[in-house]
Amino acid sequence: MTDADTLRRLEYPRLRERLAEQTAFEPSRELAEALVPTTDLREAERLQEETAAARLALRNMPSLSIAGARDIRTHVRRAALGGMLDPRDLLEIAETIRAAVALFAAIDDARYAALASRTRFVRPPRDVAEIVEQAIGPTAEVLDRASATLATLRADLRAAQARMQQRLDQILRSPELAPFLQEAIVTQRNGRYVVPVRAQARSQIRGVVHDQSASGQTLFVEPLEILDLGNRVREIALAEQHEVERILMELSGRVSREAEELDRMLEAVAYTDLIFAKAHLAEGMEAARPRLVAEPLVDLIEARHPLLDGQVVPISVTIGDGYRALVITGPNTGGKTVTLKTTGLLALMGAAGLQLPASERSRVPIFRRVFADIGDEQSIQQSLSTFSSHLRNVVTTLNEARAGDLVLLDEIGAGTDPDEGAALAMAVLSTLLRREALVAATTHYPELKAFALTTPGARNASVEFDTATLRPTYKLRIGLPGASQAFAIAERLGLSRAVLDEAEGHLSELHRTLERTLREAESERSGLALAREQLTAEARRALEEQRRAEAERHRLLEEARAEIDRARREAEEVILQARRALRAAEDAREHSMRRNLVEEARAAVEAAERATESDTPLPPTMFGDIAPGADVLVGASLEPVRLVRIDERGMAEVEAGSARMRVPASDLRPAPRRATSAIPEAAPRLRSIADVPAQLDLRGARAEEALEVLDRYLNDAALAGLSRARVIHGKGTGALRTAVREHLSGHPLVKSSRAAPANEGGDGATIVEL
């Protein structure tokens, strides 16, 4: 586990303080202040899953909180020890239970499964909250309904107080006593009702003195005539107080019995609030969940130090991708130390379940331990110089670091002779490489730059410096060492050119050559970076043009589709109007035919009556084309039946298969003849759903006749737009049923057919889906 000194050097305690500020009450704040990184990958994944679930819950439920929860640990402990809780304590316990119930219910969702793992098996004692709320009001007073005894005592107390007040009012209005009163008011002293009496008139009013004013001019006297009433009020008040205490003790005992469950509930609420605090912190930092990896690889992309304010330049750091040691060089104030702190702090955050202010593509491992030697820790009291304090940290690191650790060394080997310091630094880095730890070190030594170039497993990196403005850009470049830029910075700060020229003369040729090479490489890299940015901008513009062209193509396609839809709607409207016109023409023709039939039927009836009166035989045809043996239609039915005869009373007997029935002759009309129909056979009649019944009754018909009627019915139903029909064929011998169902099974207008349910005829009917 990472030690406290390293956590402090990496500013992890400051991060915990920011996390604690996001908590809602003291128990969760304590958890935040004690948060430490885990060293187990699976545990870290679980913590990250919790934080991600909390962020999702807050996005879906922005008002979600633990509002109402209180730190009730002291109350629960006092109750568990047999103490009496006051009404406010009990009310806080009830409010905390209610807050826990609401919180646990809100996150009991499969989407927040990781968040609910700590709360799923916790059962807040709701009955405790209910009995407390029954007995104690929202302003922390014990209510009359807390017990029948208390209600009775308080009713008696109010009555006794009313009687006393009435008597006192009489005393105040008494003309004999009024001159001796300081004021005509009633007040209380030591729980007794008193009146203010002038001190010099004490002997004029009989009673008990309970107090006097600071000046001694006023005595507070309980008149003797209300003494018994006062005693009664006092007696009832004491009884009421004892009943309140009994109720509070009973409620405290109930809390005591649920102490363990209340402790578990509070722990779950505090832990859940800690997770929400992590989510709030992540939202504030615009953080993302990192990818935790098992291999020793740090790959931070667009990472920002979480404690830096203002405009922070993001950096990208990779250690472990083909090398295990990163040697960072470059000018002072260029961001080398911030790079080390960012790397270490974000590694600790990932292991503590905190999301990182970096790209979601960032990857970090879970380190066994993090070592950091950052900053100046010289101590006069311990006789430690800067070099000694750094060396002491390095010694500790070398004694304990091994594979699975992260080591961060700032200005390694500094503070002593440069040659010796560089030699020590190279030896330390070589040792850590053999231990297979991941290492990031900053330096100004050119020897370490050469070490990183020539040593397997090591890589150079540099913080970028703008030679045009002579200012650092705070961007990290991996692959090339950086120049220290000491002369450029000195010149910008005002050092004379003459001094700088003399200083350059003292440099070794190797140093001058190396610095010149680094400057040229940096210049070339800057040029390539500029060219890359220009190409990126051009590619972005081309992509934008492509997007616009795609949007235009999509718009034209949508317009074309809209035009096609409009044309289709217009065509459908034309067809609909044509159908309406045709239907109107048919209705007019049928109406005209029916009117003619009615007139013919009326004439036939009159002729029958005349024939009956004169004993004249009825002519065989009295209805125009309607004669016995002809096919006719009855009423609005479209199914033709055969006319058998018409009697002298104008009643017709018709036959449909083997079934016969009697109908008024006036309801008959000729069935249309196929040969002389005004509508060609190839053009089906358009009918509406109202014209076609939802069922067809074939009972009593022969199979051949029934199938012909069934075909005509299915045609009409399909044209009218029916989707479902019922065909009634009866049960009988089953011959008609079998013929109908076999016919339906192969009919081109039928999608499916099945026996009707029991409430629609059962096996005596068939349901047809068209």
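Tabulated values for the structure
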item	result
Condition broken by D108, with the remaining ones in (1) acidic (D, E); (2) farther than 30 Å from Q48 by Cβ; (3) in contact with a helix residue (DSSP H, G or I) (Cβ under 7 Å, 6 or more places away or on another chain) satisfied	(2)
Where L35 falls short, out of the listed (1) touching a strand residue (DSSP E or B) at 6+ places or on another chain (Cβ under 8 Å); (2) closer than 30 Å to P296 by Cα	(1)
Filtered residue count, the range 698-744, keeping only those that are closer than 16 Å to D763 by Cβ, in contact with a strand residue (DSSP E or B) (Cβ under 9 Å, 6 or more places away or on another chain) and not basic (K, R)	7
Per-region count, the range 300-334, residues of a type in the set (S, T, Y) and under 42 Å from the mean Cα position of the chain (by Cα)	2
Pair list, Cβ under 6 Å, 6 or more apart: the range 2-20 residue over 13 Å from G344 (Cβ atoms), other residue not in a helix (DSSP H, G or I)	R14/L307; R16/L35
Wholly enclosed strands (runs of 3 or more DSSP E) of the range 195-313 bearing at least 1 residues among the hydroxyl-bearing types (S, T, Y)	218-223
Residue among D71, D86 that alone is in contact with an Asp or Glu (Cβ under 6 Å, 6 or more places away or on another chain), on the phi < 0 side of the Ramachandran plot and among the acidic types (D, E)	D71
Contacts under 6 angstrom Cβ, first residue in the range 63-90 being farther than 17 Å from E258 by Cα, partner aliphatic (A, V, I, L, M) and assigned to a loop (DSSP other than H, G, I, E, B), 6 or more apart	I66/A24; P87/A140; R88/A140
Residue, nearest to M164 (Cα to Cα), within the range 226-267, restricted to residues that are touching a strand residue (DSSP E or B) at 6+ places or on another chain (Cβ under 8 Å) and of a type outside the set (A, V, I, L, M, F, W, C)	G230
A414 being among the small types (G, A, S), within 23 Å of V298 (Cβ to Cβ) and in contact with a helix residue (DSSP H, G or I) (Cβ under 8 Å, 6 or more places away or on another chain)	no
Among residues of the range 285-325, those that are closer than 14 Å to L354 by Cβ, open to solvent by 70 Å² or more (accessible area, probe 1.4 Å) and in contact with a helix residue (DSSP H, G or I) (Cβ under 9 Å, 6 or more places away or on another chain), counted	1
Qualifying residue in the range 749-758 (condition: surrounded by 11 or more Cβ atoms within 10 Å (Cβ to Cβ) and in a helix (DSSP H, G or I))	no
Hits in the range 115-149 (condition: crowded, with 21+ Cβ neighbours inside 10 Å and more than 23 Å from S65 (Cβ to Cβ))	A135, I136, V142, A146
Selected residue (only one of L535, L543 is within 21 Å of K475 (Cβ to Cβ), open to solvent by 70 Å² or more (accessible area, probe 1.4 Å), assigned to a helix (DSSP H, G or I) and at pLDDT 75 or above)	L535
Residue match in the range 714-729 (condition: farther than 15 Å from A656 by Cα, in contact with a Gly (Cβ under 9 Å, 6 or more places away or on another chain) and open to solvent by 30 Å² or more (accessible area, probe 1.4 Å))	yes
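The values are calculated or read from the model by the stated rules, or taken from the named source; none is laboratory data. Computed from a prediction, not measured in an experiment: that's the story for all the values here. Ideal geometry is used to build each Cβ from the backbone, glycine not excepted, and the neighbour counts take in all protein chains shown. Ligands, DNA and RNA are excluded from the accessible area calculation, which covers all protein heavy atoms including side chains. Shrake-Rupley method; radii C 1.70, N 1.55, O 1.52, S 1.80 Å.
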